[in-house]
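In what follows, a single structure is set out as structure tokens and then discussed.
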Amino acid sequence: VTDYSHNKDLFQFLRTLPKDAIIASHPTLSDAIPLFTQKRVFINHELSQPFYEKYWETIQKRTLALFKAYYSNNPDYIYDFCQKNNIDYLVIHEETLSKKYIHSRKIYFEPFNQQIESFIHNNYQPALMNIKQQNKVYEKNNIFVIHKNALQKK
């Protein structure tokens, strides 16, 4: 059983978001969001299993799209990903963006790890680590939340 009590404040904040908000985050963090906030997530770890062939196709596409955006060095790419998938908010756990985490080779599970590594470049500079403080609508315990509009060009 996973203990999510350290994210209690995050979940309380996410509950205050609009009822129809869609949230994207690293899938392992996304697992608890629907349970504790009654909000929809783009993808989560718990439901990323190959139950049915067509379902797995959808999960694979969504998972790779999420990670391409999450680890992108281009804020416009991330914003376009959010627009295309009707995502309103991003929950970012800073640890999952660190070079140490990336080099651990345990970003997710196979077959995704190898694919994720293929689009993370040697000069890795994740755009989500460069979000200005005033664009963070929540921040605590190395986790922050932004609205997708924080990624838009001004």
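Hey, if you put +1 on the Cβ of every Lys and Arg and -1 on every Asp and Glu Cβ in the chain, which of N7, L47, Q60 ends up farthest toward the positive end of that dipole?
Projecting each Cα onto the dipole axis, the largest value belongs to N7.
If you place +1 on the Cβ of every Lys and Arg, -1 on the Cβ of every Asp and Glu, and leave all else neutral, what size is the dipole of segment 85-154 about its Cα centre, to the nearest 20 Debye?
260
Calculate the dipole size of segment 32-153 relative to its Cα centre from +1 charges on Lys and Arg beta carbons and -1 charges on Asp and Glu beta carbons; express the result in debye to the nearest 20.
Around 220 debye, computed over segment 32-153.
Mind pulling the per residue volume of the convex hull built on the Cα atoms of segment 87-154? Å³ is fine.
114
Pairs of alpha-carbon atoms within less than 8 angstrom and 6+ residues apart define the contacts here; what relative contact order does segment 2-63 have, in percent?
Computed value for segment 2-63: 27 percent relative contact order.
Please identify the DSSP H helices in the chain that span no less than 20 Å along the helix axis (Cα) and have a mean Kyte-Doolittle hydropathy of -1.0 or more.
53-70
Whole number in Å², please: accessible area per residue of segment 18-154, 1.4 Å probe, ligands, DNA and RNA not counted.
Ligands and nucleic acids excluded, the figure is 58 Å² per residue.
Who wins for biggest fluctuation among F144, F109, F11 in a Gaussian network model of the chain, springs between alpha carbons below 10 Å?
Answer for the Gaussian network model of the chain: F109.
Compute the distance in nm between two label points, each set 7 Å from the Cα along the Cα-to-Cβ direction, one at K136 and one at Q38.
Output for this residue pair reads 2.9 nm.
How would the chain be classified by its alpha-carbon gyration tensor: rounded, prolate or oblate, with rounded meaning a/c under 1.5 and the a/b versus b/c comparison settling the rest?
rounded
Per residue of the chain, what 222 nm ellipticity follows from adding -39500 (n - 2.57) for every DSSP H run with n ≥ 4, rounded to the nearest 500?
So the helix-based figure for the chain works out to -10500 deg cm²/dmol.
Work out the length of the dipole vector of segment 1-48 about its Cα centre, built from +1 on the beta-carbon of each Lys and Arg and -1 on the beta-carbon of each Asp and Glu, and round it to the nearest 20 debye.
My answer is approximately 200 debye.
Determine the gain in length on full extension of the stretch D20-R105; use 0.36 nm per residue of separation and subtract their C-alpha separation, reporting nm with one decimal. Can you show the working numbers first?
Details: separation 85, 0.36 × 85 = 30.60 nm, distance 3.45 nm.
So the chain would gain 27.2 nm between D20 and R105.
In whole percent, how big is the carbon plus sulfur part of the accessible area of the chain, probe 1.4 Å, protein atoms only?
It is 50 percent, rounded to a whole number.
Looking at I116, Y77, L35, which one has the Cα that reaches farthest to the positive end of the dipole of the chain (charges on Cβ: Lys, Arg +1; Asp, Glu -1)?
So the residue we want is Y77.
The values are calculated or read from the model by the stated rules, or taken from the named source; none is laboratory data. These figures come from a predicted structure and were not determined experimentally. Here the Cβ is made from the backbone with ideal geometry for all residues, glycine too, and neighbour counts use every protein chain on show. Ligands, DNA and RNA are excluded from the accessible area calculation, which covers all protein heavy atoms including side chains. Shrake-Rupley method; radii C 1.70, N 1.55, O 1.52, S 1.80 Å.
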